[in-house]
Each structure stands twice: as structure tokens, then as C-alpha cells.
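In what follows, a structure is listed as C-alpha cells, so that the remarks can point back to it.
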Amino acid sequence: MGMMTGKEYIESLRALNHEVYFMGKKIKNVIDEPMFQPHIHAAAMIYQLAHKPEYEEVMTATSHLTGEKINRFTHIHQSIDDLVKKVRMMRLLGQKTGTCFQRCVGLDGLCAVYVTTYDMDQKHGTNYHERFKKWLVEVQKHDWMPSGAMTDARGDRSLRPSQQKNKDAYLHIKERTEEGIIVSGVKAHITGAINSHEILTMPTRTMGEGDKDYALSFAVPSNTKGVTFVFSRQTNDTRRLDSPLDAGNPKYGIVGGEAVILFKDVFVPWERVFMAGEYDFTTELVETFAGYHRSNYGGCKVGLADIVIGGSGWIAEAHGIGTASHIIDKLTEMIAMSETCWSCTLACSYEGYKTPSGAYHIHPLLANVVKLNITRMTYEWMRLAQDIAGGKIITLPSEKDLDNPESGSLVEACFTGKEGYPTRDIIKMLRLIENMSVGAGLPEAMHGAGSPAAQKIMIARRGGIDKKVELAKTVAGIKEDKLFEEIVGKKEQNHWKEVKNHIDGKKVQIY
Ligand code: SF4
């Protein structure tokens, strides 16, 4: 098997036959369910672009394990160049889909588990890293999409995992046998879960000694016995059942398509277990994953910004106000903000470093700054998009009224713009802006990859405030400034004595 095309990926999901529920019904096959299709198309774009010569460099890589050409979404970053290409790939995919293409969570999980299992084996003498590499070769060979299942349901958050009344609030080991482990629990908000071939689990937080059974990472196929998916709802999601035009982005949907994954007495063979009780490595795994994933947001969301800026420019033209100075000003603001986020994500890739495992990691402080900026600036550029588009984005009649012979011409007359801009196209663009700026995309930008508070904790921890205090003390003259003394050729206090004498009119030679 080699890299799949978009069509082959879709067909590969038909064979999964996993247990999926949505709106109270069991779904027979995910690819035949219209509610899931846009999300599946968005992920299929990843597979399709990998076969395009013009995108080969960003979309594919050479496996460091097999030497084979692979989709970059299964690649472990081997250089700074890989980190940069990854975010270029994210921006490209955002531009092609206008939504979340989902596969990045699994990719970041692959890289984080790779890095952490190596370090774990060094300390504990375990063999998780070799096991993980064997599974990774399979992922690369089959071009599987693993979902990255990190967030647990978490129940009462004032309590530790082991203190929860409902044991299943966190995924945990129920039993250890010669052959493997038996696990139960719930993972929530898992992006792309129903259209992923495999599930890669990771702990959601730092675990203490009492939470050993919750310090857990493993991979299972999505159709494993005891695994059930419940697909989540999104704002305006059923519009895609009413009409393609009303949906806004009928091809690729609104955000990623999340699901709850329920594990009930699921057996995992040891060769697919990558952490089982090593609570002292949960922080490393969580932080490594979070760093990788937060850095993505300056790629994928900037790709989305490219679309919304383009759409805003087009709609302003269609309304005959494309050259108005306030429109140009707003579009310029949007571009400046999105490119700021892009610069940030490029910086955190270029400032990356090699881990002991050989894999490259991004600059963790800058990655958190990227994500924090996205939680603010996305709202701002979407606000400007709504400002430019006007109130129509929330008052448009439905496609059915447009198609109705009795009301169609009235609706059409109401939304006609500048000559040369068909009304249906104007409505299409307004719906796209509505979809991107009013829907689930905003809270996704806020909470995906962790909420702002999580980024601030990391920024505070890694921001080096103590070092900055020392810098300020040195420049203020509170702390000895050796370099200044070298420049003036004397102790700082002597220098100032001479300066004061000079100010007082005494004859002194300062240098
Ligand atoms: Fe990828 Fe962005 Fe979606 Fe996260 S939000 S899975 S980084 S596209």
C-alpha cells in the first residue's frame, strides 16, 4: 500500500464498519451519512493534495524509518525544514477547505508519543519506543488517519482522576493481563474521530502517583470491540440537509466534526500500548503534544483567514464599495493580523530544536503565543468580515425561497449587487462568510488545542520573567553592568561621580 488518494481514503472508511451514533440513530456507514460527508471531504483533501506535483514538497516526506515516500501527516519531523513545511501544509489546507481538516491531531499525537516514549525508555528501561515505531511503520504503510484522543470527559474538575465518583470520567486501565490491558472511560471532543482509521490515546493532564492507571497511551483500530463513537452537533449543522446553498461551506463543513469516544472494557495488546502507569511522563507527553498542536493554529486558521479576507474583498466589490477607503482599511487590518499570526508560527518552527529521540520540536513558548493570538485575532478578523458583509449574512432567505417561482424573483431583486455579479454568487459568498464567522469556528479557535488559560500558564512558566527582571535591573543600574564598565573603562559608580562633577561645572575628563 502507498499513499491513498482522496477517493481511496473515502472508500477505506467504508470498510471500517465501526460503531457510530448520531441524533439518536446508529449510523450504518459513515461515508453514506450526509451529515458527515463535508468533514470526510475536508480530510480527503489531505490525501488528494499529496498526489499533486505542485504540492509534493509540502504534502509528502520521506519516512526516516522505511525510506518510503509518505504523506507528511504520518511523518515524524526530522529537521527545522520539516517543522516549517508542516505549517505551510496547514495554511495550504486551510486555503483549500476553509475549515478544519482534522488529521493534524493524530499527526501531533504521533510526534509527541514518539518523543516521549524515547525519553521514557531511557529512564525506565521500558520498550515503548520500539513498539511505537512498529505501529508507526504500519500507519505510514497504510496511510492511516489516526485520531488524537487526548481530552477526557473529566467529571468534577476539582478532583483528580482517581478521586472521581464516575471512574469513566477519565480513560483508565481496569486490568493488566499477560497479553495486554483492558481499558474503560471516555474521551471527548475528538476531532475527525468518526472518519479516522485508528485512535491514538494520550493522557489529558499531568497525573500523580495515585493516578497511575490513568497515565495511559495506546492505539486501537476504530472498529475495535467495545469502542463507540457519538458524533457531536454544531451550529446550523442540519442546514446541509436543507440545501447546499444555505449550508455555507457544503463541500467541507464547519470546523472538524468532533465525537465522544466511549471505551467499554476494550482490550489492547501490549504491542499497541505506549504508556501504562508512567505518570512521571504525563506532563512531557501533554506539553509536547500541546506545543505541536498550538503551533498549527498560525497555519490552519491563517489559511481560513485568507479565504474570509478574499470573500470580504469580493463581497465589497459585488456591493459596489470595493474601493471605499474604510473597506480597504478593514481588509488591510485583517491581512496584518493574520500575517502576524503566520509570522509567529513560522518563528516557532524556525526556533525549533532536536529532541533526544531525534525528532524536532517547535519552540514551546512561541507556540503558546501563536495560539493565544489566534484566540483573539480570529474574533477580530471575523468581526471585520461581518462588518464588511453587512447584516445580510444573518437575514438571507433560504435557497428554497430563491428557487420558488412565486418568491424567487423577489428574493433575487433584493440581493442583486453590482452588474457582473450574479445574485446567486453573492448569496453563496454571504453564506460562506456566515458559516465561517458566525458558526462553531469561533469557539473552536478559542478552545481547540486548549483554552487561553492553558496557554497563559505555559507562557507564564516559560516566559523567563526572572531573566527579564535581571535584564531590567542591569540597565537600570541596580545590578552590576560589566559591559557598561568595559565601555567606560571604570566602575559604574565612578563613572556617575565624574558625570555629576561635570554637571556641577567641575573640570573632569570622563573618558
Ligand atoms: Fe488541524 Fe487546525 Fe483542525 Fe487543529 S483546528 S485539527 S490544527 S485544522
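The values are calculated or read from the model by the stated rules, or taken from the named source; none is laboratory data. All of these numbers come straight from a predicted model, not from anything done at the bench. Note: ideal-geometry Cβ built from the backbone for every residue, glycine included; neighbour counts use all protein chains shown. These accessible areas exclude ligands, DNA and RNA; they are computed on the full protein's heavy atoms, side chains included. Shrake-Rupley method; radii C 1.70, N 1.55, O 1.52, S 1.80 Å.
Brief remarks follow.
- The stretch between SER343 and THR423 holds 25.1 nm of extra length on full extension. This uses 0.36 nm per residue minus the Cα-Cα distance.
- Residues whose amide H comes within less than 5 Å of that of ILE199, counting only those at least five positions distant or on another chain, are SER147, VAL220, SER222 (H built at 1.01 Å from N in the peptide plane).
- Alpha-carbon spread of region 236-387, three principal axes, descending order, Å: 64, 43, 21
- Taking the Cα centre of region 296-401 as reference, the dipole from Cβ charges on Lys and Arg (+1) and Asp and Glu (-1) amounts to some 360 debye.
- Given a 1.4 Å probe and the protein chains as shown, SER398 ends up with an accessible area of around 30 Å².
- Derived scalar couplings ³J(HN,Hα) [region 284-296; Karplus, 6.51 cos²θ - 1.76 cosθ + 1.60; whole Hz; x for Gly, Pro]: 4, 5, 5, 6, 5, 4, 4, x, 4, 6, 5, 5, 4
- Rounded, prolate or oblate (a/c below 1.5 giving rounded, otherwise prolate when a/b exceeds b/c) for the chain by Cα gyration tensor: oblate
- 17 Å Cα-Cα reach of LYS28 towards lysines, excluding residues that sit fewer than 8 places from it in its own chain: LYS225
- Peptides 152-161, 177-186 ranked from most to least packed give 177-186, 152-161, packing being the mean of other C-beta atoms within 10 angstrom over each peptide's residues.
- Each residue, LYS141 and MET23, gets one label point 7 Å from its Cα in the Cβ direction; the gap between the two is 4.1 nm.
- Protein-only accessible surface at a 1.4 angstrom probe places the residues HIS18, HIS447, HIS319 in the order HIS447, HIS319, HIS18, largest first.
- Overall Cα dimensions of region 322-479, principal axis frame, Å, largest first: 79, 40, 25
- Rh (Kirkwood; distinct C-alpha pairs) - region 161-209, Å: 12.7
- Region 108-171 - Kirkwood radius from inverse mean 1/r over Cα pairs (Å): 14.0
- Surface per residue (accessible, 1.4 Å probe) for region 48-103, Å²: 36
- Eligible aspartates and glutamates near LYS497 by straight Cα distance, threshold 15 Å, same-chain separation 8 or greater: GLU485
- Computed extension length for LYS506-LYS456: 12.7 nm, one decimal, from 0.36 nm per residue of separation with the Cα-Cα distance subtracted.
- Among LYS167, LYS85, the order of accessible area from largest down is LYS167, LYS85, computed with a 1.4 Å probe on protein heavy atoms.
- Accessible-area ranking of ASP403, ASP246, ASP280, largest first, probe 1.4 Å: ASP403, ASP280, ASP246
- Reduced Cα scattering model of region 83-139, Debye log10 I(q)/I(0), q = 0.13 Å⁻¹: -0.46
- Accessible surface of the chain [probe 1.4 Å, protein heavy atoms]: carbon and sulfur percent: 54
- This model, with +1 at the C-beta of Lys and Arg and -1 at the C-beta of Asp and Glu, gives the chain a dipole about its Cα centre of some 960 debye.
- Distance in nm between pseudo-label sites at SER325 and LYS467 (7 Å out along the Cβ direction from Cα): 4.5
- DSSP beta bridges in the chain [antiparallel fraction, %, rounded to 5]: 80
- Solvent-accessible area per residue for region 212-328 (1.4 angstrom probe, square angstrom): 33
- Our helix-only sum for the chain, with -39,500 (n - 2.57) per DSSP H run of n ≥ 4 divided by its residues, gives a mean residue ellipticity at 222 nm of -16000 deg cm²/dmol.
- Sparsely packed loop sites in region 231-338 (the trypsin sites (Lys or Arg not before Pro) outside DSSP H, G, I, E and B with at most 16 other Cβ atoms within 10 Å) comprise ARG233, LYS251.
- Computed from backbone phi with θ = phi - 60° and the Karplus coefficients 6.51, -1.76 and 1.60, the 3J(HN,Hα) list for region 59-69 is 8, 10, 8, 9, 5, 6, 9, 10, x, 7, 6 Hz; x is used for glycine and proline.
- Per residue, the accessible area of region 366-483 comes to 54 Å², computed with a 1.4 Å probe over protein heavy atoms only.
- Whole-number D in µm² s⁻¹ for region 1-133, Kirkwood Cα-pair radius fed into Stokes-Einstein, 4 °C, 1.567 mPa s: 78
- The chain - percent relative contact order, Cα under 8 Å, separation 6 or more: 16
- Fully extended contour minus Cα-Cα distance, from ILE335 to HIS64, at 0.36 nm per residue: 93.8 nm
- Computed from backbone phi with θ = phi - 60° and the Karplus coefficients 6.51, -1.76 and 1.60, the 3J(HN,Hα) list for region 186-192 is 10, 10, 10, 6, 8, 5, x Hz; x is used for glycine and proline.
- Oblate is the label for region 127-234, because the ratio a/c of its alpha-carbon gyration tensor axes (a ≥ b ≥ c) is 1.5 or higher and a/b is not greater than b/c.
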